[in-house]
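To start, the structure itself, in structure tokens.
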Amino acid sequence: MKISSLATLDKWRDELRAAVKFDIKIMVCSGTSCISSESDLIFGLLKQKIDDHQLEHQIALVPTGCQRLCGQGPMITIEPGNITYFRVKVEDVEELFNEHILNGRVLYRLLYVDPKSGESIQDFAKMDFYRKQQRVALRNCGEIDPKSIDDYIRRDGYKALGNCISVLSPKEVVEIVKASGLRGRGGGGFPTGVKWEMTAKSRGNEKYLICNADEGDPGAFMDRSIIEGDPHSLVEAMTIAGYATGANSGIVYIRAEYASSIPPLKKAIEDAKANGFLGNNIFDSDFSFDISIKLGAGAFVCGEETALIHSMEGNRGEPTKKPPFPSESGFRGKPTTVNNVETLVNTPPIIINGAKWFRTFGTEKSPGTKVFALAGNIRNIGLVEVPMGTTFREVIFDIGGGHPLGKKIKAVQIGGPSGGVITEAFFDTPIEYDTLTKIGAMMGSGGMIVMDEDTDMVKIAKFYLEFTQDESCGKCTPCRIGTKRMFEILDRLVKMEGSPADLERLETLGKAIKTTSLCGLGQSAPNPVLSTMKYFREEYEGYAYRTKKIAYSINGEKCIGCTKCARVCPVQCIQGALRDVHFIDESKCIACGACYKACPVNAIVKP
């Protein structure tokens with residue numbers, strides 16, 4: 001059916017809402033995290049149970065996208081009552097179906113237990129993790145079938161697009177987005193409406209709209225989850241952006257590793273075309289727009305828009321100096337707008353509810369909400385969407401639940417390899433673009449890694465630098481060579497082979513690379529090192545002056561009791577009889593590595 005007017009769309013939506021007559025709705029999380037824990041098998045077993053009892057007309061079984069509390073998956077939410085079960089296993093299906101579905105009894109052992117009160121919580125909306133969030137970008141994720149256009153239409157899907165084309169001019173759409181204050185959610189926070197306006201004003205009949213769905217930060221899974229859980233919102237948002245900027249072609253640049261994200265996106269594009277939301281003369285207007293998918297190889301540098309465009313053109317993913325900006329000369333030399341997934345999906349609700357509504361969330365300079373992938377040493381691991389201006393302390397302790405074992409949390413890494421660490425002294429800092437910049441960090445795409453008192457900050461910095469050094473495109477010398485030299489220094493330090501002079505070298509190199517690199521990758525690569533050196537200098541000095549106590553250990557399952565390690569130990573800290581498992585007295589170990597080199601079965605564990 002081709003929708004040709006707002007009235008036809010409204011009629012379809014009304015019919016869909018009136019047709020909902022199921023007594024029970026079972027929503028099974030089918031996000032990547034839950035599928036890795038066999039939620040797909042759980043879904044299949046529940047479907048078989050429903051079919052066996054001939055309840056398909058009374059029970060709606062819905063495979064949803066991510067339900068956000070990823071560390072507690074697989075998750076199943078059942079309506080009425082919003083009763084959510086956590087960490088459901090295949091062997092739980094029989095009891096769950098019999099108790100809850102057939103007899104209406106809540107299965108308490110699968111409910112979430114509040115760590116503070118010890119009480120089981122039935123309605124997930126009453127959990128601190130969910131109660132303190134505000135969903136805009138994730139508004140449909142976890143509540144609809146991502147492969148059903150009917151589900152999307154039922155929740156005001158394509159209403160914003162209809163309003164844009166039928167009621168608003170492209171310039172008016174741009175002005176609404178500008179007035180909302182929406183800023184890019186993929187890194188530096190450039191005003192989205194301004195970017196759209198630049199492309200709209202650029203000369204040329206052929207223009208492009210590119211969605212950056214590459215999402216290269218370690219620990220980040222926001223964009224992937226949106227595509228998996230609500231792909232039509234991206235299709236609608238891209239079409240709105242195309243209308244506003246004068247583009248007739250949209251391209252989603254997505255990494256090929258996102259295997260579970262691509263099928264629902266493809267189906268959303270196909271269904272949108274079949275119903276007239278993509279293609280020629282959308283809503284019976286003279287506006288035409290289509291979307292294609294371009295698979296990327298997963299290069300972190302392609303998060304930079306010029307490198308991304310070069311990759312799409314079949315060239316090496318290398319950045320170029322700006323200006324000209326892509327809005328003037330981008331893909332194939334034509335005016336091009338590049339936005340990431342989260343940025344784009346904010347636009348349909350802005351069009352429907354207005355710019356003032358969007359500004360009711362967040363702060364004056366950073367309106368709206370931001371999605372974070374909360375991970376690390378934290379109780380509640382998952383997706384978090386909060387208003388800009390929310391403090392780190394609120395996210396870590398109120399939403400994240402603090403450390404699962406009650407240990408002290410000493411830092412948060414935000415912004416991925418390009419970001420910096422936030423120490424406890426700054427936990428009351430509002431999370432917004434300009435404030436983060438002032439304390440030496442950056443928003444990035446939204447990864448948030450929590451680290452406890454046992455975390456070695458030097459090794460954390462080394463991990464991130466190794467990643468950015470590997471991901472450097474190699475075009476400019478400061479990034480290509482400088483990050484490699486910084487990594488070598490860090491490697492020497494953690495091996496207890498460094499010196500105090502290495503600390504000065506690290507700082508000098510880091511500052512030079514930030515200043516002279518061509519693109520954002522090199523300009524931000526030293527951030528994890530420089531920020532950890534600033535706030536955890538004593539940990540670097542412990543390695544540089546070789547006063548940090550580190551020790552090797554022995555894996556008892558591998559040890560064969562050959563005594564070779566004990567015989568080469570210069571301080572006699574290894575004990576154990578012949579053919580018995582040996583152990584190392586860590587208080588005496590000087591971490592020289594002699595035992596590691598001597599062991600014939602790889603039983604020695606490096607510190």
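Read-outs throughout are calculated quantities, based only on the coordinates presented, and are distinct from any laboratory measurement. Just so it is clear, the structure is predicted and the values come from calculations on it, not from any experiment. Counting neighbours? That spans all protein chains shown, and the Cβs are built from the backbone with ideal geometry, glycine included.
Near I293, the amide H atoms lying under 5 Å from its own belong to V252; only residues 5 or more places off or on other chains count, and H is placed 1.01 Å from N. Centre-to-centre separation between the Cα atoms of the range 107-156 and those of the range 260-284: 27 Å.
Database remark: amide H of S553 closer than 5 angstrom to the amide H of V605 (H placed geometrically; neighbours at sequence offset of 5 or more, or on other chains; Pro and chain starts carry no H).
With contacts taken as Cα pairs under 8 Å and at least 6 residues apart, the range 549-607 reaches a relative contact order of 48 percent. With a simple spin-label model that places each label point 7 Å from the Cα along the Cα-to-Cβ direction, the separation between E538 and S166 comes to 6.6 nm. Here the peptides 61-68, 331-338 are ranked by packing, the mean other Cβ count within 10 Å, and the order with the highest first is 61-68, 331-338.
Excluding same-chain neighbours fewer than eight residues apart, the lysines reachable from K2 by a Cα-Cα span under 19 Å are K11, K147, K159, K266, K267, K273. Projecting the Cα positions of G474, F426, M443 onto the charge dipole of the range 424-474 (unit charges on Cβ atoms of Lys, Arg, Asp and Glu, taken about the Cα centre) puts G474 furthest along the positive direction. By the count of neighbouring beta-carbon atoms within 10 Å, fewest first, E99, E432 end up ordered E99, E432. If the chain linking K126 and E270 were pulled fully straight, counting 0.36 nm for each residue of separation and taking away their Cα-Cα distance, it would gain 48.1 nm.
Exposure proxy shown here: for M486, M496, M1, the number of other Cβ atoms within 10 Å sets the order, fewest to most, as M1, M496, M486. Fully extending the segment from R546 to R105, taken as 0.36 nm per residue of separation minus the present Cα-Cα distance, adds 152.6 nm.
Averaging the sequence gap over all C-alpha pairs within less than 8 Å and six or more residues apart, then dividing by the number of residues, gives the chain a relative contact order of 12 percent.
Quick check on the chain: of the DSSP beta bridges with both residues there, what percent are antiparallel, nearest 5%? Looking only at bridges with both residues in the chain, the antiparallel portion is about 55 percent.
For the range 540-607 versus the range 458-502, the inter-centroid distance based on Cα atoms is 27 Å. Legend: distances between Cα atoms for K126/K438; K370/K459; K321/K410; K116/K588; K407/K597; K49/K116; pairs beyond 31 Å are K126/K438; K321/K410; K116/K588; K407/K597; K49/K116.
Nearest 500 deg cm²/dmol is fine: what mean residue ellipticity at 222 nm does the chain get from its DSSP H runs of n ≥ 4 alone, each adding -39,500 (n - 2.57), divided by its residue count?
-10000 deg cm²/dmol
In the range 149-357, taking the dipole from charged Cβ atoms about the Cα centre, the farthest positive-side position among A299, S180, I269 is held by S180. Distances between placed amide hydrogens fall under 5 Å for T369 paired with M388, all partners being 5 or more residues away or on another chain. A straight Cα-to-Cα reach below 12 Å connects K356 with the aspartates and glutamates E364, residues fewer than 8 places away in its own chain not being considered. Fewest neighbouring Cβ atoms within 10 Å first, the residues I350, I550 line up as I550, I350. Kindly express, to the nearest 10 degrees and within the range 0 to 90, the angle between helix 457-471's C-alpha long axis and the longest C-alpha principal axis of the chain. Approximately 60 degrees, to the nearest 10. Taking every alpha-carbon pair under 8 Å whose residues sit at least 6 apart, the range 218-328 reaches a relative contact order of 23 percent.
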